[in-house]
Amino acid sequence: MKKKKLILIVDDAEMNRAMLADILAAEYEIIEAGDGVEAIEILQRRHYEVSLVLLDIVMPRIDGFEVLAVMNKSGWITQIPVITISSETASSYIDHAYDLGATDYISRPFDEKTVQRVRNTIMLYSKQKTLEDMVTEQIVEKERNNFLMVEILSNIVEFRNGESGLHVLHIRTLTEMLLRKLAETTDRYSLPAARLALVVNASALHDIGKISIPEEILNKPGRLTPEEFEVMKTHSAIGAQIMEDALQRHHEDLIQVAYNICRWHHERYDGQGYPDGLRGEDIPIEAQVVALADVYDA
């Protein structure tokens, strides 16, 4: 049996909620919130389940406009359509709701057209989500296809460096773990599945610049002299140059991300790294994460 779509009805008037629930219950699963505070609490727990919010504007404590503002800040508004409800018909009032991301507007009293507008809105967003998933899958599949060539290139460097190739595997694994945890912890960085796959793939190229380092330095068993260490440090800029040359011929996101990682994966958050002495959030997040993965593996 096909699971019903979930609709959140937010209205401080119990009668209004009951009327809407009666109209929609035959086709949809309904949950209710008596005000904006309760609505936000529900969305925090179940935003990934909710297919539509029917949102009253005039409510105590937190009104509908404030709920829309929170949905914008949390990123929920891009995933959950909102139909606002009110008997207020001033155009400025309605326009403000649209400016905050509302998809549609219905006024009281409710009628049979309410169901159709709800149905159309959910259908539109469902189709949009399906298209987004298809595009994402195509991008992820492209990254899978890129993986083989990246793996070959990175293993050439590892072989020349006298290593088994496990370092590259470890960097990829740790980078993916750190990125997934980062995406769970904060929405500060844009890390959809396609972007995450791209960064993980590009992380394997972090030391590609070592291909130009003399073997007597690259494979020296003891501690490097200060002069030798200065030569070793050039692998970051050299790797970035390899990627920059490739970007002249192929404008691929993978190459751009690999450029950022190659050049800046030895920068430090306190500004004491190399080659450019970048500090804090001036370091691209992909380079920050690969830097951490590199240190953990070491």
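The values are calculated or read from the model by the stated rules, or taken from the named source; none is laboratory data. Only a predicted model underlies this, so the values are computations on that prediction, with no experimental measurement involved. Backbone-built Cβ (ideal geometry, glycine too); neighbour counts: all protein chains shown. Heavy atoms of the whole protein, side chains included, go into the accessibility calculation; ligands, DNA and RNA do not. Shrake-Rupley method; radii C 1.70, N 1.55, O 1.52, S 1.80 Å.
Below are the figures for this structure:
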| quantity | calculated |
| --- | --- |
| Among (1) open to solvent by 80 Å² or more (accessible area, probe 1.4 Å); (2) among the hydroxyl-bearing types (Ser, Thr, Tyr); (3) modelled with pLDDT under 75; (4) under 23 Å from the mean Cα position of the chain (by Cα), the one test that Thr78 misses | (3) |
| Residue in segment 110-122 that is more than 22 Å from Glu27 (Cβ to Cβ) and under 32 Å from the mean Cα position of the chain (by Cα) present | no |
| Single unsatisfied condition, Thr186 versus (1) under 22 Å from Glu286 (Cα atoms); (2) of a type in the set (S, T, N, Q); (3) at pLDDT 90 or above; (4) open to solvent by 10 Å² or more (accessible area, probe 1.4 Å) | (3) |
| Sole exception among (1) touching a residue at least 24 places away in the same chain (Cβ under 8 Å); (2) of a type in the set (A, V, I, L, M); (3) assigned to a loop (DSSP other than H, G, I, E, B) for Leu224, by number | (1) |
| Residue match in segment 191-210 (condition: open to solvent by 50 Å² or more (accessible area, probe 1.4 Å) and either closer than 16 Å to Ala240 by Cα or among the polar types (S, T, N, Q) (or both)) | no |
| Segment 1-12: number of residues that are farther than 21 Å from Phe110 by Cα and either assigned to a helix (DSSP H, G or I) or under 25 Å from the mean Cα position of the chain (by Cα) (or both) | 0 |
| Checklist (1) touching a Ser or Thr at 6+ places or on another chain (Cβ under 8 Å); (2) surrounded by 18 or more Cβ atoms within 10 Å (Cβ to Cβ) applied to Ile40, failing item | (1) |
| Residue match in segment 13-26 (condition: part of a strand (DSSP E or B), out of contact with any Ser or Thr (no Cβ under 7 Å at 6 or more places or on another chain) and open to solvent by 70 Å² or more (accessible area, probe 1.4 Å)) | no |
| Top-ranked residue of segment 47-67 - restricted to ones that are buried (at least 16 other Cβ atoms within 10 Å of the Cβ) and under 21 Å from the mean Cα position of the chain (by Cα), ranked as farthest from Arg17 (Cα to Cα) | His47 |
